[in-house]
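The values are calculated or read from the model by the stated rules, or taken from the named source; none is laboratory data. Just so we're clear, the structure is a prediction, and the values are computed from it rather than from any experiment. Cβ coordinates were reconstructed from backbone atoms using ideal geometry, including for glycine residues, and neighbour counts include every protein chain displayed.
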Amino acid sequence: MKRVLLTLVFFGLATMTAVPVMAADQGHGAAVAAKTARAADAAPDQAKADQAPATDQAPAARQKTADKATAAGKAAATGAGRGETAAAAAKPAAGTAATPARAAEELKPVPLTNSDCVKCHFDIAKDLDAHGGAHLEVNCTGCHQEHPPSGTNAIPSCSECHDPGENKHFATKGCTSCHNPHHPLELNFTTVAATKPACLTCHPDKGKEMAAHPSAHAEQDCNSCHNQHGLGPGQYQTCLDCHEGHTPDMTIKDCLKCHKPHSPTDITYGDDIPVAFCAACHDDIAATLAKSGTKHSEMRCVECHDGRHGKITPCVDCHDQPHDPYIHKKFPECLTCHRDPHNLAR
Ligand code: HEC
Ligand code: HEC
Ligand code: HEC
Ligand code: HEC
Ligand code: HEC
Ligand code: HEC
Ligand code: HEC
Ligand code: HEC
Ligand code: HEC
Ligand code: HEC
Ligand code: HEC
Ligand code: HEC
């Protein structure tokens, strides 16, 4: 089916254009006016080929539109695509064939331009203007090439411009669950059913980490903790939103000294862990050691249990073999005589 793209079949409206253009441009501010004007110049009428987005030609054709509109001058339009466009432009009347003859004679439909959209879709134009990012340059008609009721192909697929073959992220599903095309980088993950597949396209290391260290967190979707794309206040849930600390005074910073959020059961730490944190679960040992009165009681737990939870540093790493070699040969275990590292027999 050949159509005139973006043709208002609502003929009464065509006659209104002159007045609202002024109102819209003034009301909406210079930025939108400038952008829409620029895009309108760059892609004057969008009267392009018959593009069903599902076909293979559609991506290339729409991509060109974007390229033109962005003025980024990616690749120049290919010969084939231009041919189609020109062909479509040459037959502009096809789409209006069904229109009542009287109306068609008296009121020729005019193609919609970017500066028209704001008149009826003010909020969207405002949104795109403020938060559109790179899509601001694409502009309304760079994406919306038809308009209901005459055009049924009003909504573009992301894949028309973001080729799924280009990178893994563009091959995920549910683009608009994360990205509103009118503010594509203002992301809110909380309403997305499953973010993980998309997140892992750019953060594959997190997937590997979770697979290497299975945990209850690895079973969760990323958005159970990450509401937005960032680590600013309120952009993610912290440990204490869901758990209690092992001691009442532990802060979130403390949690992260021992736990990694994406592999919380792989517990590693530096040498700055106070005895009290270990004592939260090993209070018996801490008490024994403190009471023992040996030189070991002046040490922190992590001096002998360094780096990783459960690790035990052998006595000889610090003391070598201090006694007569004969004694060490006969009694290879230091604790045969010294009994308990936390309560040394001397
Ligand atoms: C005269 C008012 C008017 C103008 C001008 C106008 N629109 Fe619309 N638009 C509407 C109305 C009304 C609807 C709802 C139509 C429907 O649901 O059938 C609509 C619906 C849409 C839709 C949704 C289509 C769908 O299938 O859900 C898109 C996209 C759209 N407009 C884009 C544009 C763009 C882009 C422009 C400028 C090139 C524009 N409109 C100009 C009134 C307008
Ligand atoms: C980068 C492509 C792109 C640009 C630029 C763009 N849109 Fe859209 N628009 C879309 C897509 C995709 C949807 C469908 C969103 C969805 O399904 O959630 C949409 C939906 C719409 C809708 C119907 C749904 C709604 O949100 O009300 C309207 C109306 C609309 N756009 C108007 C506009 C106008 C006006 C502009 C310019 C100010 C514009 N769009 C710019 C891609 C775009
Ligand atoms: C008509 C072409 C076109 C369509 C359709 C389109 N985009 Fe884009 N988009 C672009 C261009 C051009 C850019 C800027 C260059 C680039 O990143 O490739 C862009 C950039 C983006 C960006 C980065 C924005 C920024 O400010 O850096 C996101 C996110 C995005 N697009 C998502 C989407 C999603 C999701 C859809 C479908 C709902 C979509 N796009 C549909 C053309 C399009
Ligand atoms: C689970 C949420 C989610 C889904 C689903 C999703 N994205 Fe994204 N997308 C993101 C995040 C997060 C970024 C990074 C944003 C940033 O850098 O600020 C991003 C960035 C982008 C960018 C700009 C960066 C780039 O690589 O050029 C584009 C374009 C884009 N996405 C397109 C898409 C398309 C197309 C789809 C569907 C095939 C899609 N996204 C699905 C979350 C998502
Ligand atoms: C299109 C690629 C892309 C997608 C998709 C993506 N990210 Fe990112 N993300 C990035 C890049 C690039 C950075 C690094 C930005 C920086 O260093 O400032 C980043 C950084 C982050 C950060 C750290 C931000 C900071 O302030 O340090 C978090 C948290 C994050 N991403 C979580 C996620 C989650 C959760 C998802 C899925 C909902 C996701 N990302 C999807 C590209 C992406
Ligand atoms: C149980 C909560 C939780 C889950 C689930 C979670 N994260 Fe995180 N994530 C965090 C916390 C907390 C931080 C901040 C860590 C810090 O401050 O050092 C973080 C930081 C990040 C960062 C930036 C710092 C870094 O380590 O690179 C990225 C990227 C990230 N997460 C991606 C993801 C992805 C992708 C998923 C899903 C596969 C995910 N997260 C699931 C809690 C979580
Ligand atoms: C959105 C809620 C949420 C956040 C935020 C969260 N967790 Fe969890 N975490 C859970 C759930 C649910 C479980 C599984 C049930 C349980 O053990 O309570 C869990 C389990 C754990 C486990 C045991 C894992 C296992 O497989 O046995 C550890 C350790 C843990 N969390 C530490 C942390 C730390 C540290 C943080 C901060 C970086 C954190 N959690 C942030 C929800 C959360
Ligand atoms: C000194 C290191 C250390 C610090 C700091 C620490 N944890 Fe733990 N945490 C552990 C160890 C070790 C385990 C594992 C116990 C086991 O094997 O059962 C654990 C287990 C957990 C578990 C699993 C359930 C349980 O209680 O056994 C959760 C949840 C947890 N920690 C949350 C937190 C939170 C939240 C914080 C910060 C407030 C925190 N941890 C700070 C060492 C620490
Ligand atoms: C949340 C409670 C918790 C915290 C905090 C905790 N542990 Fe443990 N720890 C345990 C549990 C439970 C076990 C026994 C189960 C196991 O082997 O994981 C254990 C076992 C050990 C073991 C013996 C491992 C073995 O192979 O016999 C050592 C050593 C140890 N912890 C040292 C420490 C040190 C040092 C700290 C402080 C940095 C600490 N723990 C903090 C709960 C904790
Ligand atoms: C991380 C190093 C480290 C490890 C491991 C270690 N010690 Fe010690 N030990 C010390 C230090 C430091 C002292 C105090 C030395 C001093 O003040 O001269 C000490 C003192 C001692 C003393 C004298 C105690 C006193 O109060 O005078 C004995 C006995 C001893 N260690 C035995 C052992 C045995 C047995 C083991 C293995 C079970 C062991 N140590 C493991 C560091 C270590
Ligand atoms: C001087 C070194 C040293 C210090 C300091 C030390 N430990 Fe140990 N710890 C050991 C050694 C050696 C073993 C192994 C004992 C054995 O093989 O019977 C051990 C064993 C353990 C065990 C597992 C066996 C058991 O007795 O349950 C736990 C738990 C433990 N230590 C916790 C702690 C805590 C908590 C602290 C601090 C309050 C601490 N340790 C301080 C050297 C030390
Ligand atoms: C046969 C029993 C026995 C064995 C086995 C043994 N010790 Fe001792 N150790 C003693 C006695 C008794 C003393 C106290 C008398 C002394 O100062 O010579 C002592 C003292 C020490 C002291 C304190 C020395 C000082 O100068 O204050 C250290 C350190 C020590 N032993 C480490 C070790 C280490 C490490 C091992 C294992 C490699 C070990 N011992 C094995 C019996 C033993």
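Key figures
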| quantity | calculated |
| --- | --- |
| Options Phe277, Phe331: the member that is away from ligand 6 (no atom under 16 Å from the Cβ), in contact with a helix residue (DSSP H, G or I) (Cβ under 8 Å, 6 or more places away or on another chain), among the aromatic types (Phe, Trp, Tyr) and without any contact (Cβ under 8 Å) to a residue 24 or more places away in the chain | Phe331 |
| Any hit, region 203-221, residues being of a type in the set (S, T, N, Q) and under 25 Å from Gln235 (Cα atoms) | yes |
| Condition check for Asp254: charged (D, E, K, R), away from ligand 12 (no atom under 16 Å from the Cβ), loosely packed, with under 11 Cβ neighbours inside 10 Å and within 28 Å of the chain's Cα centre (by Cα) | no |
| Candidates Thr141, Thr191, Thr176, Thr238 - the one that is farther than 30 Å from Val118 by Cβ and among the polar types (S, T, N, Q) | Thr238 |
| Subset of region 300-321 that is closer than 19 Å to Asp272 by Cβ and part of a helix (DSSP H, G or I) - its residue that is nearest to ligand 3 (Cβ to nearest atom) | Val302 |
| Every residue from region 112-141 that is over 16 Å from Asn180 (Cα atoms) and crowded, with 19+ Cβ neighbours inside 10 Å | Leu112, Thr113, Asn114, Ser115, Asp116, Cys117, Val118, Lys119, Thr141 |
| Filtered residue count, region 249-299, keeping only those that are of a type in the set (A, V, I, L, M, F, W, C), over 22 Å from His213 (Cβ atoms) and assigned to a helix (DSSP H, G or I) | 8 |
| Test: residue in region 320-331 that is out of contact with any Phe, Trp or Tyr (no Cβ under 6 Å at 6 or more places or on another chain) and more than 14 Å from ligand 12 (Cβ to nearest atom) | no |
| Helices (runs of 4 or more DSSP H) contained in region 98-204 and holding at least 2 residues more than 17 Å from the chain's Cα centre (by Cα) and at pLDDT 95 or above | 114-120, 122-131, 134-138, 140-143 |
| Out of Ala193, Ala218, sole residue that is within 16 Å of ligand 8 (Cβ to nearest atom) and among the aliphatic types (A, V, I, L, M) | Ala218 |
